[in-house]
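The values are calculated or read from the model by the stated rules, or taken from the named source; none is laboratory data. All values derive from a computational prediction rather than experimental measurement. Here the Cβ positions follow ideal geometry from the backbone for every residue, glycine too, while neighbour counts run over all protein chains shown. Surface areas here come from the heavy atoms of the whole protein model, side chains and all, with no ligands, DNA or RNA. Shrake-Rupley method; radii C 1.70, N 1.55, O 1.52, S 1.80 Å.
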Amino acid sequence: MTTAAPTTEIVTIPCLKDNYAFALHLRETGQTLIVDVPEAAPIVAECARRGWVITDVLLTHHHWDHVDGLPDLHAATDSPIRVWGAAADAHRLPALDHALHEGDVMAIGALRGTVYDVSGHTVGHIAVHFPQAGVIFTADSLMALGCGRLFEGTPAQMWQSLSKLTALPRDTLVCSGHEYTQSNARFALTIDPENKALQARATRIDEARAKGLPTVPSSLGMELDTNPFLRAKDPQIKAHLEMTDASDAECFAEIRQRKDQF
Ligand code: ZN
Ligand code: FE
């Protein structure tokens, strides 16, 4: 017996100064998954406005700007909330109901999500891909035109993490954790100046930001074509960096180091 794919809706919820939380709602069952809780108020307000009941929370990593709103969210919600997060980070995350390992499947109603270990920004950072909804929640691993700063992991580790995501369908929505895209675009153009798709995207980003519009989520295809951190294996980028003979991971490390100094 196969279960019909659930009908889903995804909403981006701006929080704090430049964070994003997301709500993934299942229409048939009314369940709603919140991804990261920078602060509770905007999430509670958005769900109340839509009549959505929060049933699940996924925490992508332990940083305060992704978890600190959880106690307030519990307090503001009458029904119990199941909390999902990485088993590797259980010691430094709020109490988890479900501790996840790479390859585990999150099940919410008929919705299924596959867990990826995307360590690098932190060790224990996870991303979850929901193929039925065509979305991956990447927070501070793969970001719009960027990737998270390496606070805990090595460049080789982040390169390996990002490489896991490149085979997913190009139309997968990439829901990342921050509105950093405009400065990421300025940096990307220093690494990949001849890339026409990047130039065009940078213009669209400037237009969106001038109107105060979010640039997240993006699509995986767009990231594959324009994000320098996913393109560290590209011969044109290697040539531009005078790293023709370097490994992909070495080229990634150089790009990440330049970004830190940008
Ligand atoms: Zn973070
Ligand atoms: Fe963050």
(request) Please verify whether the stretch 142-163 includes one or more residues that are more than 16 Å from ligand 1 (Cβ to nearest atom) and over 17 Å from Arg258 (Cα atoms). (result) yes
(message) Take the conditions under 30 Å from Lys259 (Cβ atoms), within 16 Å of ligand 2 (Cβ to nearest atom), in a loop (DSSP other than H, G, I, E, B) and of a type in the set (Val, Ile, Thr) and apply them to Thr122. Does it pass?
(response) yes
(request) Please verify whether the stretch 202-215 includes one or more residues that are at pLDDT 95 or above, more than 29 Å from Gly134 (Cβ to Cβ) and part of a loop (DSSP other than H, G, I, E, B). (result) no
(message) Can you tell me how many residues within the stretch 221-233 are open to solvent by 20 Å² or more (accessible area, probe 1.4 Å) and over 17 Å from Met158 (Cβ atoms)?
(response) 2
(request) Please enumerate the residues belonging to the stretch 125-138 that are open to solvent by less than 10 Å² (accessible area, probe 1.4 Å) and either more than 15 Å from ligand 2 (Cβ to nearest atom) or farther than 21 Å from Trp159 by Cα (or both). (result) Val128, Phe130, Val135, Ile136
(request) For the stretch 84-136, enumerate the residues that are touching a residue at least 60 places away in the same chain (Cβ under 8 Å) and among the hydroxyl-bearing types (Ser, Thr, Tyr). (result) Thr122
(message) Among the residues of the stretch 163-174, are any touching a residue at least 24 places away in the same chain (Cβ under 8 Å), in a helix (DSSP H, G or I) and crowded, with 21+ Cβ neighbours inside 10 Å?
(response) no
(request) Could you identify the single residue in Ile54, Ile10 that is β-branched (Val, Ile, Thr), touching a Leu at 6+ places or on another chain (Cβ under 8 Å) and open to solvent by 40 Å² or more (accessible area, probe 1.4 Å)? (result) Ile10
(request) List every residue pair whose Cβ atoms lie under 7 Å apart, where the two residues are 6 or more positions apart in sequence or sit on different chains, the first residue falls within the stretch 30-59 and is over 19 Å from Arg82 (Cβ atoms), and the second residue, located anywhere, is assigned to a helix (DSSP H, G or I) and modelled with pLDDT of 95 or more. (result) Pro38/Asp65; Pro38/His66
(request) Report whether or not Ala202 is surrounded by 16 or more Cβ atoms within 10 Å (Cβ to Cβ) and within 30 Å of Ile10 (Cα to Cα). (result) yes
(request) May I ask you to say which residue of Ala75, Ala107, Ala86 is open to solvent by 50 Å² or more (accessible area, probe 1.4 Å) and among the small types (Gly, Ala, Ser)? (result) Ala75
(request) Return the residue satisfying two criteria in turn: it lies in the stretch 61-72 and is within 20 Å of the chain's Cα centre (by Cα) and open to solvent by 10 Å² or more (accessible area, probe 1.4 Å), and of such residues it is nearest to Asp36 (Cα to Cα). (result) Val67
(message) For the stretch 99-111, check the following and say yes or no: at least one residue is within 16 Å of ligand 1 (Cβ to nearest atom) and within 25 Å of Ala23 (Cβ to Cβ).
(response) no
(request) Out of the residues in the stretch 39-88 that are in a loop (DSSP other than H, G, I, E, B), touching an Asp or Glu at 6+ places or on another chain (Cβ under 7 Å) and away from ligand 2 (no atom under 16 Å from the Cβ), state the one that is nearest to Gly103 (Cα to Cα). (result) Ile81
(message) If I go through the stretch 216-262 residue by residue, how many of them are over 23 Å from the mean Cα position of the chain (by Cα) and in a loop (DSSP other than H, G, I, E, B)?
(response) 7
